[in-house]
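These notes concern the structure reproduced below.
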Amino acid sequence: DTGVSQDPRHKITKRGQNVTFRCDPISEHNRLYWYRQTLGQGPEFLTYFQNEAQLEKSRLLSDRFSAERPKGSFSTLEIQRTEQGDSAMYLCASRYGTGDYNEQFFGPGTRLTVL
Amino acid sequence: DAKTTQPTSMDCAEGRAANLPCNHSTISGNEYVYWYRQIHSQGPQYIIHGLKNNETNEMASLIITEDRKSSTLILPHATLRDTAVYYCIVRVGYGGSQGNLIFGKGTKLSVKP
């Protein structure tokens, strides 16, 4: 399967713990996005990478959140000192190029539950 | 970016055409209309996009009004597998915030036997 993959698919943690999610984009896709989706809402943009450079961060991305994309391949999203409000589905998407054909390919998501 | 308005939910009979409307009255000249859908427990899936002209692909057709203030996504022969939340997104296709998508709440389409 050559689609976007995310790991783990589900994560249950206790409040105050740190968690890290991984996203493997489609090979050769230079752009990678993280979104967060809560129940009944559409996905909300968190941050974006072009190759290894993090070019934009939403104000939703508090200081407890950090994302990396070393070597412009896979990406990780870490949440420190988790809070119950962090419970959500975390989606990763990738795309290639800079043209108007803004087709982003999404992974299946990581569902985080903070107890 | 322009804001979109979609009905909260719609029903469609299996085998019939599903017509999903979207209003985007404040759309700018350089903004495209994108449609994505999200089947339960999956990530969103790109369907189609357009600027001015009507577009068709293997999944759907997109009809954009001449003034570009509204559009309709058409699934010509809806199946049970088309049951999903459909998102209409208006966005610049280049530059700006590098293409991050701004989702609303979408339209929940239920295809019934």
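Assorted remarks:
- Working ranking of peptides A:63-76, B:33-46 by packing, defined as the average number of other Cβ atoms within 10 Å per residue, highest first, is B:33-46, A:63-76.
- Whole-number percent relative contact order across chain A, with pairs defined as alpha carbons under 8 Å at least 6 apart: 37
- Computed accessible area, residue A:55, all protein chains, 1.4 angstrom probe, square angstrom: 90
- Ordered by solvent-accessible area of protein heavy atoms (1.4 Å probe), largest first, the residues A:57, B:3 come out as B:3, A:57.
- Accessible area ranking (1.4 Å probe, heavy atoms, ligands and nucleic acids excluded), largest first, for A:103, B:55: B:55, A:103.
- Taking the empirical scaling 2.2 N^0.38 Å for compact globular proteins as reference, the stretch A:32-115 has a Cα radius of gyration ratio of 1.09.
- With every protein chain in place and a 1.4 angstrom probe, the accessible-area ranking of B:77, B:49, largest first, reads B:77, B:49.
- When the charge dipole of the stretch B:39-113 is built from unit charges on Cβ atoms (+1 for Lys and Arg, -1 for Asp and Glu) and taken about the Cα centre, the candidate among B:74, B:54, B:39 whose Cα reaches farthest toward its positive end is B:39.
- Evaluated on the protein assembly as shown, the Kirkwood hydrodynamic radius is 18.2 Å, with distances taken between all distinct Cα atoms.
- Rounded to the nearest 20 debye, the dipole magnitude of chain A is 460 debye, with +1 charges on Lys and Arg beta carbons, -1 on Asp and Glu beta carbons, and the Cα centre as origin.
- Percent carbon-and-sulfur accessible area, the protein assembly as shown, ignoring ligands, DNA and RNA, probe 1.4 Å: 46
- The charge dipole of the stretch B:1-61, taken about its Cα centre with unit charges on the Cβ atoms of Lys, Arg (+1), Asp and Glu (-1) only, comes to about 80 debye.
- Taking the stretch B:1-50 and dividing mean pair separation by its residue count, relative contact order in percent (alpha carbons under 8 Å, at least six apart): 31
- Cβ distances below 4.7 Å define possible disulfide partners, and in the protein assembly as shown the cysteines left without one are B:12.
- The charge dipole of the protein assembly as shown, taken about the Cα centre with unit charges on the Cβ atoms of Lys, Arg (+1) and Asp, Glu (-1), comes to about 660 debye, rounded to the nearest 20.
- Pairwise Cα separations in chain B fall into 10 Å bins from 0 onward with the following percentages, short to long: 15, 49, 30, 6, 0.
- Over the stretch A:66-115 - Rg/Rh using Cα atoms and the Kirkwood inverse-distance radius: 1.06
The values are calculated or read from the model by the stated rules, or taken from the named source; none is laboratory data. What you see is a predicted model; the values in this text were computed from it and never measured. Please note: Cβ atoms are built from the backbone with ideal geometry, for glycine as well, and neighbour counts cover all protein chains shown. The protein model used for the area step is the full one, side chains on, heavy atoms only, and it has no ligands, DNA or RNA in it. Shrake-Rupley method; radii C 1.70, N 1.55, O 1.52, S 1.80 Å.
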